Amino acid sequence: MNNQVFQQVLNALAERRREDEREEQRRRREVIEKCPEIGQLMDARREAVLKSVYSAFSIAPEEGLAEKVERWNADIKDLLVKSGFSADYLDPVFTCAQCEDTGYTGTGKKTLCSCAKALYASLLEEEKGFEDSQDFEHFDLSRFPDNGPTDKKGRTQRERMRVFRDYCMAFADTLPHPDKSTLLFYGGSGLGKTYLLRCIHARARERDIPSLCITANQLIRTARQAIFSREQEEMDALYETELLLIDDLGTEPLIENITVEELFNILNERQNAGLCTVISTNLSLEDLQRRYTERVISRLLNRQTCMKLFFEGIDIRRL
Ligand SMILES: [Zn+2]
């Protein structure tokens, strides 16, 4: 079993449970807003149960508590139906009823649930696609046109890609202390930015350099989750991993007080700690500045630490 992939399964399951919990809370609020009486019944029920728990060791438990709770449960179900909800609307929420999103079934000897196995298989497949073909060894320069327009330095698209590939390979081979700690790939789509990013990721892993490759979208999702659930581990990894590769910057939602702030914090802390970051984006430098503010971009594109590679030419997916 691939531990890294299995860890991803556990993370996905944990995220699923957090989502379940959020949905339960949302339903509770929705119900109480529509029918405050249900809220009162739930409060009474919780209070009685808590009181009996606290006093269990000192005095005899309250007579008839079980019957009382049963009556409250029945009353709540009645009110739910009368208010237009299903009777089980406030029951625990699960994506997988078999394992209740724990990933394991059975009591005593636990076995991996079929939902976790399926998740593992699909992640492993993704991971394999990642490792098998997206590395420098499979980098095929002949896919880039060697005729057609040249850049300012008179290089064809293929010649420029050769220079970029060699630069990125040197970067990956000298981790954790390459010449520049930050790389920015910018330019249109279909020019090999993501591929090159993954090549660096693959080489870093080969060399046992801790490396995380995520899309900007995943990054912002992780940041948002960390804020709402107070679970910092994944976020810490983004701050601390030796190499962080952020793909597709500019496609993530621009959330007030999160996107720009988080991005600045991550880049700033990583640069201060001398850690390496690679970013790819389809945005132009002007668009980057407009979207992420001067403060973020001047941090990111700091001449001493950042190498900018501008990708131009023909979308090779169309060839
Ligand atoms: Zn399951």
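Bear in mind these aren't lab numbers, they're just calculated from the coordinates by the rules spelled out. These figures come from a predicted structure and were not determined experimentally. Here the Cβ is made from the backbone with ideal geometry for all residues, glycine too, and neighbour counts use every protein chain on show.
Here are some notes:
- Of Ala273, Ala66, Ala202, the residue with the greatest mean-square motion in the GNM of the chain, using alpha carbon springs below 10 Å, is Ala66.
- Mean sequence separation of contacting Cα pairs (under 8 Å, at least six apart), scaled by the length of the stretch 164-319, corresponds to a relative contact order of 37 percent.
- Cross-link pairs beyond the 26 Å C-alpha cut-off, checked among Lys77/Lys109; Lys152/Lys308; Lys153/Lys180; Lys68/Lys109; Lys51/Lys82: Lys77/Lys109; Lys68/Lys109; Lys51/Lys82
- Residue-averaged 222 nm ellipticity for the chain, from DSSP H runs of 4+ at -39500 (n - 2.57), nearest 500: -18000 deg cm²/dmol
- Cα centroid of the stretch 138-185 to Cα centroid of the stretch 262-319, whole Å: 16
- Principal axis dimensions, largest first and in whole angstrom, of the stretch 192-319 by Cα: 47, 37, 31
- When its C-alpha radius of gyration is set against 2.2 N^0.38 Å (N residues), the stretch 3-123 gives a value of 1.38.
- Largest GNM mean-square fluctuation among Asn282, Asn257, Asn265, using the chain with Cα springs under 10 Å: Asn257.
- The alpha-carbon of Lys117 sits under 18 angstrom from the alpha-carbons of these aspartates and glutamates, leaving out residues fewer than 8 places away in its chain: Glu15, Glu100, Asp101, Glu125, Glu126, Glu127.
- Qualifying trypsin sites (Lys or Arg not before Pro) for the stretch 86-182 [loop in DSSP, other Cβ within 10 Å: at most 16]: Lys109, Lys110, Lys152, Lys153, Arg155, Lys180
- Fraction of alpha-carbon pairs over 24 Å apart in the chain - percent: 66
- Across the chain: Cys residues that no other cysteine approaches within a C-beta distance under 4.7 Å: Cys35, Cys168, Cys199, Cys213, Cys276, Cys306
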